[in-house]
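The structure appears right after this line, and notes come after that.
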Amino acid sequence: MGVGIRTAGESDRELVVRLLDEAFQDDPVSNWVFPGAEYRRRVHHRLMAAFTDAVLADGWIDVTEDGSACALWLPYPAADHSAGPREDTEGNQADGHGGHGGNDGNDGNDGNDEAVQLRKAVDPENERVEWIARLMAKEHPTDRAHAYLWMIAVAPDRQSEGLGTALIRRVLDRCDREGLPAYLEASSARSTKLYERLGFAFTGRTLDLPDGPRMWPMWREPRTR
């Protein structure tokens, strides 16, 4: 039996935030950003809400019909290098953690840049929220347009049922039809194995968080039929 999947709308916001919060409570990257279980339980959902709002605005969220899993995607255009340095800071973020992210492109002194704004909105005293946004934005490939799997979450009691794979394949099939690559950052060595089975390959350079875990950027070329 296939997995029923639909595109989420604004009315699904709280469902998506809850799924992300529950699924990533024990994630290595979330543990680094919000060290301490009690602290993480109090604050982590704010970051998940910020990610959800960003993707609802600029991308799309696929959710299973029963509300047990979701995937956050952003269309990522190729950078226009001929135009010189960018003046704006379009925030395109992360998973596999998938992802935590945000574009900035400056030295962090601009109080209006999106990494700073993310920290202020989520947890003003926590510099790690800003650090991870900057690191992921800095390393994000910009030479080719692609679909960006920012995050994918499956309810803890529904994991290992193939729901995440079904959500990802739905978009990868479209990428293959359109000749579009895909990109993600895996937040654990274990999750890279799933993505490899779906055609992703490690780019060869990890994202190493200061005194923390590493992430595995992965790229997928479209498959020809």
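Among the conditions (1) assigned to a loop (DSSP other than H, G, I, E, B); (2) under 20 Å from Phe24 (Cα atoms); (3) among the charged types (D, E, K, R), the only one that Arg205 does not satisfy is (2). Condition check for Glu65 on (1) in contact with a helix residue (DSSP H, G or I) (Cβ under 9 Å, 6 or more places away or on another chain); (2) surrounded by fewer than 16 Cβ atoms within 10 Å (Cβ to Cβ): one failure, at (1).
Restricting the first member to segment 137-162 and to residues that are under 19 Å from Val29 (Cα atoms), and the second to residues that are hydroxyl-bearing (Ser, Thr, Tyr) and part of a strand (DSSP E or B), the beta-carbon pairs closer than 9 Å and six or more apart or on different chains are His140/Tyr76; His140/Tyr148; His140/Tyr183; Tyr148/Tyr76; Tyr148/Tyr183; Leu149/Tyr183; Val154/Thr64. Note on segment 1-53: among residues that are outside any helix (DSSP H, G or I), among the charged types (D, E, K, R) and closer than 26 Å to Met215 by Cα, the one that is nearest to the chain's Cα centre (by Cα) is Asp27. Among the residues of segment 175-188, which ones are part of a helix (DSSP H, G or I) and either under 16 Å from the mean Cα position of the chain (by Cα) or of a type in the set (Asp, Glu) (or both)? Asp176, Glu178 - these are the residues of segment 175-188 that are part of a helix (DSSP H, G or I) and either under 16 Å from the mean Cα position of the chain (by Cα) or of a type in the set (Asp, Glu) (or both).
Quick check on segment 173-188. Is at least one of its residues of a type in the set (Gly, Ala, Ser) and either in contact with a Lys or Arg (Cβ under 8 Å, 6 or more places away or on another chain) or more than 26 Å from Gly36 (Cα to Cα) (or both)?
Among the residues of segment 173-188, at least one is of a type in the set (Gly, Ala, Ser) and either in contact with a Lys or Arg (Cβ under 8 Å, 6 or more places away or on another chain) or more than 26 Å from Gly36 (Cα to Cα) (or both), which makes the answer yes.
Of everything in segment 147-196 that is polar (S, T, N, Q) and more than 18 Å from Ser68 (Cα to Cα), the residue that is modelled with the highest pLDDT is Thr192.
The values are calculated or read from the model by the stated rules, or taken from the named source; none is laboratory data. Keep in mind that what you see is a predicted model, and the values were worked out from it rather than measured. Every residue, glycine as well, gets a Cβ built from its backbone with ideal geometry; the counts of neighbours run over all protein chains shown.
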